[in-house]
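Some notes on the structure that comes next.
The values are calculated or read from the model by the stated rules, or taken from the named source; none is laboratory data. In this text the structure is predicted, and so the values were computed from the model without any measurement. Virtual Cβ from ideal backbone geometry, glycine too; neighbours counted across all protein chains shown. In case anyone asks, the SASA skips ligands and DNA or RNA and just uses the protein heavy atoms, side chains included. Shrake-Rupley method; radii C 1.70, N 1.55, O 1.52, S 1.80 Å.
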Amino acid sequence: MKIAVTRLAGKEKNDAARCKEFGHRCYSVHPLRSDIREEAIRTFVEAVDRGEFDCIFFTSALPAKIIAPRLGRFPRVIAIGPQTAKELRLHDIECEILTSFYSRDFVPYLGEWIRGKKIGIPRADVPNPDLINAIAVAGGIPMEFRCYGLEPTGNTLDLTEADAILFTSAMSFHKAIWTTHPGLLVRAIG
């Protein structure tokens, strides 16, 4: 089966190998692009340098890739998954990895430790009120930095050769411009 996978350009690293493992082929389609916000990144890095956080939670690999080379010091660091951890470790930043790769499991992972702790969260400009509320309810202090936006590319996804399309986020589904064709399987992660 040939699968079109929605990704930000440059984020498709392991897709082909993963699909091949299961006897499929894939290619990337790009309904979204990232809009890097240098001022927010600079503000976040300065706050880290001042020691304002007890913990940093990287919710995706993109902010890790952008921010890790700029960090001179860091507190406890949690990565949402192995790709995010890989980006951090490329810059000698030791980190813990959530076992489930979902932000909803961040607070349970930290347990009682979170009480009274300031949590720095460099992330996309996509609201995650459940994460922020969970941190606050557990007694932590969430501090979000919206380091990049996700903007629609405005391009129609090329699905002419696809047997299936895999949407990797809710936003990629909502913002994508695409047309279905007979037999196209439409799937989503999460």
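Counting Lys and Arg as +1 and Asp and Glu as -1, each charge on the Cβ, what is the dipole of the chain about the Cα centre in debye, to the nearest 20?
Charge dipole, the chain, about its Cα centre: 180 debye, nearest 20.
Can you run phi through the Karplus equation (6.51, -1.76, 1.60; θ = phi - 60°) for region 28-45 and list ³J(HN,Hα) in whole Hz, with x for Gly and Pro?
Each residue's phi maps through the Karplus curve to give 8, 10, 10, x, 10, 9, 8, 10, 5, 10, 4, 5, 5, 5, 4, 4, 5, 4 Hz.
Rounded, prolate or oblate: pick one for region 45-152, where a ≥ b ≥ c are the square roots of the eigenvalues of its C-alpha gyration tensor, a/c under 1.5 means rounded, and failing that, prolate if a/b is larger than b/c, else oblate.
The shape class here is rounded.
State the antiparallel share, in %, of DSSP beta bridges confined to the chain, rounding to the nearest 5.
Approximately 15 percent, going by the DSSP bridge assignments.
Given a 10 angstrom Cα cut-off, can you work out which residue in Pro75, Pro63, Pro129 is the most mobile in a GNM of the chain?
It is Pro129.
Quick check for me: using +1 on Lys/Arg Cβ and -1 on Asp/Glu Cβ, what's the dipole size of region 104-165 about its Cα centre, in debye to the nearest 20?
620
Could you tell me which Cys residues in the chain have no other cysteine's Cβ under 4.7 Å from their own Cβ, answering none if every one has a partner?
That list is Cys55, Cys95, Cys147.
Once amide H atoms are built 1.01 Å from N in the peptide plane, which residues 5 or more positions from Phe145, or in another chain, come under 5 Å H to H?
Ile121, Arg123
When the chain is modelled as a GNM with alpha-carbon springs shorter than 10 Å, which of His91, His30, His174 fluctuates the most?
His174
Using the C-alpha atoms of the chain, what convex hull volume per residue, in cubic angstrom, is computed?
Spelled out: Cα convex hull of the chain, divided by residues, is 114 Å³.
So which lysines can Lys118 reach, going by Cα to Cα under 29 Å and dropping same-chain residues fewer than 8 places off?
Lys65, Lys86
For n ≥ 4 DSSP H runs only, could you compute -39500 (n - 2.57) per run for the chain, divide by its residues and tell me the 222 nm figure to the nearest 500?
The per-residue figure over the chain is -7500 deg cm²/dmol.
Amide H neighbours of Arg33 under 5 Å, at least 5 residues apart or on other chains, H built in the peptide plane: list them.
Here the answer is Glu151, Thr153, since their amide H atoms fall under 5 Å of that of Arg33.
Please give the solvent-accessible surface of Trp113 in Å², to the nearest 10, using a probe radius of 1.4 Å with every protein chain present.
It works out to around 80 Å².
Starting from the alpha-carbon convex hull of region 122-190, give the projected area averaged over all orientations, in nm².
Computed as one quarter of the Cα hull surface, the answer is 5.8 nm².
Accessible area per residue for region 37-190 in Å², computed with a 1.4 Å probe and the full protein assembly in place, what is it?
Solvent-accessible surface per residue comes out at 52 Å².
Just to be sure I understand the model, the point goes 7 Å from the Cα along the line to the Cβ. What's the resulting Thr179 to Asp163 distance in nm?
Those two pseudo-labels are separated by 2.4 nm.
Which one, Asn14, Ser34, Ala79, projects farthest toward the positive side of the charge dipole computed for the chain from Cβ point charges (K/R +1, D/E -1)?
Asn14
Let a ≥ b ≥ c be the square roots of the eigenvalues of the Cα gyration tensor of region 30-103; is it rounded (a/c under 1.5), or, if not, prolate (a/b larger than b/c) or oblate?
Oblate shape, in that a/c is at least 1.5 and b/c is the bigger or equal ratio.
State the extension gain, in nm to one decimal, for the chain segment bounded by Arg73 and Val186, taking 0.36 nm per residue of separation less the distance between their alpha-carbons.
36.3 nm
Report the local net charge at Val48: Lys and Arg +1, Asp and Glu -1, summed over other residues whose C-beta lies under 13 Å from its C-beta.
Charge balance near Val48 sits at +2.
GNM on the chain, C-alpha springs below 10 Å: top fluctuator among Lys11, Lys20, Lys65?
Of Lys11, Lys20, Lys65, the Gaussian network model singles out Lys20 as fluctuating most.
Carbon and sulfur: what percent of the chain's accessible surface (1.4 Å probe)?
Within the chain, the accessible surface is 53 percent carbon and sulfur.
Can you give me the distance in nm between label points at Val126 and Thr156, each placed 7 Å from the Cα along the Cα-to-Cβ direction?
It works out to 2.5 nm between the two label points.
Find out how many positive minus negative residues lie around Ala136, taking Lys and Arg as positive, Asp and Glu as negative, among other residues whose Cβ is under 14 Å from that of Ala136.
+1
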